1. Please work out how much length the chain gains when fully extended from Ala179 to Arg115, using 0.36 nm per residue of separation minus the C-alpha to C-alpha distance, in nm with one decimal.
2. Specify which residue in the list Leu7, Asn125, Met87 is farthest towards the positive end of the charge dipole of the chain, using unit charges on the beta carbon of Lys, Arg (+1) and Asp, Glu (-1), about the Cα centre.
3. What list of ³J(HN,Hα) values in whole Hz, one per residue of segment 125-138 in order, does the Karplus curve 6.51 cos²θ - 1.76 cosθ + 1.60 (θ = phi - 60°) give from phi, with Gly and Pro shown as x?
4. Please give the charge dipole size of the chain, origin at the Cα centre, charges +1 on K and R Cβ atoms and -1 on D and E Cβ atoms. Round to the nearest 20 debye.
5. Taking the Cα-to-Cβ direction at Gln149 and at Arg59 and moving 7 Å from each Cα, how far apart do the two end points lie in nm?
6. Contour minus end-to-end for Arg20 and Glu70, with contour as 0.36 nm per residue of separation and end-to-end as the Cα-Cα distance?
7. Separation between the Asn85 and Ala12 pseudo-spin-labels, each 7 Å from Cα along Cα→Cβ, expressed in nm?
8. Want the number for Lys128 to Val29: 0.36 nm per residue separation, take away the alpha-carbon distance, what's left?
Amino acid sequence: MTNHSTLEQWLAQERETQARLDAGAGPGVARPDQIAGLTGLQQMQALLRGELPYATIARTLDFLIVEVDEGRAVFQGAPGPTHLNPMGTVHGGWYATLLDSALGCAVHTRMEPGRGYTTAELGVNLVKAISPKVQRVRAEGRVLHCGRQLATAEARLVGPDGTLYAHATTTCLVFDLPAQSRA
């Protein structure tokens, strides 16, 4: 049974966030000059305000970032007919992409200026099928550890009624970004 109050709150937050993103930079990739000197958290907050572009894959796969904080990122997705596998449930790759986004962006919030990361390992456990009846799910990623060379994080994918659909972990390599040439 869906918690209608929670679903309505999620949908309201989604509408507000999508309007801000659409009125802002839209989908794309931030230029180096737009993010120079910003921490990862500052970059993610600017993205959420619509000041920096958001990842095009979010539009392609019908999900968006709705919250960020230090060591935390929340994505919300609308599983639909284009995400179904031949058995009529949502494809595991959709789960994995939503969870990977929450995990990676949570790690991103812990990056200092000039630092970056890349996923070295992603483990996803699907524990319940998402049927076409599920209107929205949320993936919340949280950083467990962020050091000079490695970061680890975990995420849960849940419905508005609290049903757990999947959980995931990641290990990311953390490194200094190459200096940008000033041609």
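1. Working: separation 64, 0.36 × 64 = 23.04 nm, distance 1.04 nm.
Separation in residues times 0.36 nm, less the Cα-Cα distance, equals 22.0 nm.
2. Most positive-ward Cα: Met87.
3. So the Karplus estimates, Gly and Pro as x, are 10, 8, 10, 7, 5, 9, 8, x, 6, 6, 7, 8, 9, 10 Hz.
4. Numbers: 16 positive and 17 negative charges, 28 e Å.
Dipole size: approximately 140 debye.
5. Label-label distance for Gln149 and Arg59, simple model: 4.0 nm.
6. On the way: separation 50, 0.36 × 50 = 18.00 nm, distance 2.11 nm.
Difference between extended and current length: 15.9 nm.
7. Simple spin-label model gives 3.6 nm for this pair.
8. Here the answer is 32.3 nm.
FYI, it's all coordinate maths here, none of it is from the lab. The shown structure was predicted, so the numbers you read here are calculated from the model rather than taken from an experiment. All Cβ positions, even for glycine, are placed from backbone atoms using ideal geometry, and neighbour counts span all protein chains on display.
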